[in-house]
Amino acid sequence: MKSVLAAIDLQNVFADPASDWFTPRFAEALPPIHRLVTAFGEDVVFTRFIAPTQPEGAWKQYYKQWPFALQPPDAPLYQVVDAFTPASTVDATTFGKWTPRMATRVGGARLVLAGVSTDCCVLSTALAAADAGVAVTVVADACAGVDDESHAKALDILRLYSPLVEVTTTEEVLG
């Protein structure tokens, strides 16, 4: 079965230690992600979490808690880190990146997930894709959570969705 790699939210806002949304092990996840991106070649999709122009519903309260994030999509904090230069991105104002555009890009392929954060956007994307009937692989060592405990808990939750969701390593994916 063909596979498509989704590099989830490799953005400055999660990489910068000065950011309120800093993901501590972001830098440690980059080497395995680089290996995956290289191996997958054209079959890579980069995603970005961006703020909506006008938050609606429960998102209003969310952005009251995180007002710094109400910036336009071209703001530096929402750019993909310099380590990667994607030609385009799948942007979403939601945690989950399983959008119609992502579904079209993945087609009938297996969806392989790497990125940040395991306990938020990776988890949300994996579960939505699995619900849509897509085979999902989460590459544990190519993901990072808000902290080690949350990362481990999210991986444990994802394992509960087997066989729809598989949790594996970079070596197993590339092997």
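The values are calculated or read from the model by the stated rules, or taken from the named source; none is laboratory data. Nothing here was measured: the structure is a model prediction, and the numbers come from that model. So basically every Cβ, Gly included, is an ideal-geometry build from the backbone, and we count neighbours across all protein chains shown.
Key figures for this structure:
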read-out: Residue in the range 107-121 that is among the acidic types (D, E), buried (at least 20 other Cβ atoms within 10 Å of the Cβ) and either at pLDDT 95 or above or at positive phi (or both) present; value: yes
read-out: Some residue of the range 137-151 being closer than 19 Å to V13 by Cβ, modelled with pLDDT of 95 or more, surrounded by fewer than 22 Cβ atoms within 10 Å (Cβ to Cβ) and charged (D, E, K, R); value: yes
read-out: Residue under evaluation G41, criteria (1) on the phi > 0 side of the Ramachandran plot; (2) buried (at least 20 other Cβ atoms within 10 Å of the Cβ); (3) out of contact with any Ser or Thr (no Cβ under 7 Å at 6 or more places or on another chain), criterion not met; value: (2)
read-out: Neighbours by Cβ (under 6 Å, 6+ apart or cross-chain): first from the range 150-168, free of Cβ contacts under 8 Å to residues at least 12 places away in the same chain; second in a helix (DSSP H, G or I); value: none
read-out: Qualifying positions in the range 70-95 - closer than 27 Å to E171 by Cβ and assigned to a loop (DSSP other than H, G, I, E, B); value: V81, D82, A83, F84, T85, P86
read-out: Complete set of residues in the range 129-175 that are in a helix (DSSP H, G or I), farther than 29 Å from D20 by Cβ and out of contact with any helix residue (DSSP H, G or I) (no Cβ under 6 Å at 6 or more places or on another chain); value: A130, D131, R159, E171, E172, V173
read-out: Residue match in the range 84-92 (condition: out of contact with any Lys or Arg (no Cβ under 7 Å at 6 or more places or on another chain), at pLDDT 95 or above and over 23 Å from R35 (Cα atoms)); value: yes
read-out: Residue check for A135: aliphatic (A, V, I, L, M) and over 21 Å from G107 (Cα atoms); value: no
read-out: Qualifying residues in the range 15-63 (those that are aromatic (F, W, Y) and part of a helix (DSSP H, G or I)) - the one farthest from T99 (Cα to Cα); value: F26
read-out: Residues of the range 50-85 classified as surrounded by 12 or more Cβ atoms within 10 Å (Cβ to Cβ) and among the charged types (D, E, K, R), total; value: 0
